[in-house]
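This report concerns only the one structure given below.
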Amino acid sequence: MKWQVNHRNSMIAMAVIFTQNLTKKFKDLLAVDGVNLVIEDGECFGLLGPNGAGKTSLIRMITAVSPPFKGDIWVFDKNLKTHSRQVKAILGVVPQVDNLDEDLTVLQNLTTFARYFNLPKPEALQRSREVLSLFELEDKRNSRIKELSGGMKRRLLLARGLINQPKIIILDEPTIGLDPQAKHLVWR
């Protein structure tokens, strides 16, 4: 038993994301069943599976949006149960669904989101401009969200996920709704 604890602790220490026996239930539905992950620094990790397989449920647990039914999650040596605020601060998350604020412009969406990370207003504005340039959305900075195409909204979600210069980027269906040129831009 002592070896298992020491082995687990060394795995946690070397992992960027470490999960142990992660389980998620919705009433009688077992969505995620005892998942163990070790994702190391610099690794690109993908979840593949059919619709309803539990991929998004797993992502929502790792990003501290939805608590696990059972199991543990560590991100950079921090247990998510006790350090969720610190973990959220180092994550860049791009959700599967569009959750942009329709009442704000493109630039306002980014600068407002940057404030969640306590970025000073000038820095939030600078980073917003940088990610708009990266995703070729500079000319849309003053547009309302309803004026954007689906692909532009997706690129804006990706830009927003980078606003805090995260240590870890978690993408849920990152290229959904993008044309081939935009997909290439995202992967680049």
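With the cut-off at 1.5 for a/c, could you classify region 142-188 from its C-alpha gyration tensor as rounded, prolate or oblate? Oblate.
Accessible surface calculations at 1.4 Å, restricted to protein heavy atoms, place region 24-144 at 63 Å² per residue. Taking the square roots of 5 times each eigenvalue of the Cα gyration tensor of the chain, largest first, gives ellipsoid semi-axes of 32, 19, 15 Å. For region 53-139, the set of GluC sites (Glu not before Pro) satisfying both a DSSP loop assignment and a count of at most 12 other C-beta atoms within 10 Å is given as GLU102. Among the chymotrypsin sites (Phe, Trp or Tyr not before Pro) in region 100-188, those located in a DSSP loop and surrounded by at most 15 other Cβ atoms within 10 Å of their own Cβ are TYR116.
When the chain is described by a simple charge dipole with +1 on each Lys and Arg Cβ and -1 on each Asp and Glu Cβ, the residue from GLN181, THR82, LEU100 located farthest towards its positive end is THR82. Only protein heavy atoms count here; under a 1.4 Å probe, THR82 has an accessible surface of about 100 Å². Each Cα pair under 8 Å and six or more residues apart adds its sequence gap; the mean of these over the residue count of region 107-159 is a relative contact order of 35 percent.
Enter the Cα centre distance for the pair region 97-117 and region 27-91, rounded to the nearest angstrom. Taking the Cα centre of region 27-91 as reference, the centre of region 97-117 is 24 Å away.
Sorted by average packing, counted as other Cβ atoms within 10 angstrom per residue and highest first, what order do 156-164, 103-111, 85-93 take? Working shown, then result.
Numbers: 156-164: 22.0, 103-111: 19.2, 85-93: 16.4.
Sorting 156-164, 103-111, 85-93 by mean packing, highest first, produces 156-164, 103-111, 85-93.
Only Cα pairs under 8 Å and 6+ residues apart enter the sum, and on that basis the relative contact order of the chain stands at 20 percent. Projected label points at GLN108 and ARG144, each 7 Å from Cα along the beta carbon direction, are separated by 1.0 nanometres.
Please report the carbon-and-sulfur percent of the accessible area for the chain; probe 1.4 Å, protein heavy atoms only, DNA, RNA and ligands left out.
Values: 5830 of 11390 Å².
Percent of accessible area from carbon and sulfur atoms in the chain: 51.
The values are calculated or read from the model by the stated rules, or taken from the named source; none is laboratory data. Keep in mind that this is a model prediction, so the values were computed, not measured. Counting neighbours? That spans all protein chains shown, and the Cβs are built from the backbone with ideal geometry, glycine included. When the accessible area is computed, the model is the full protein with side chains, heavy atoms only, and any ligands, DNA or RNA have been set aside. Shrake-Rupley method; radii C 1.70, N 1.55, O 1.52, S 1.80 Å.
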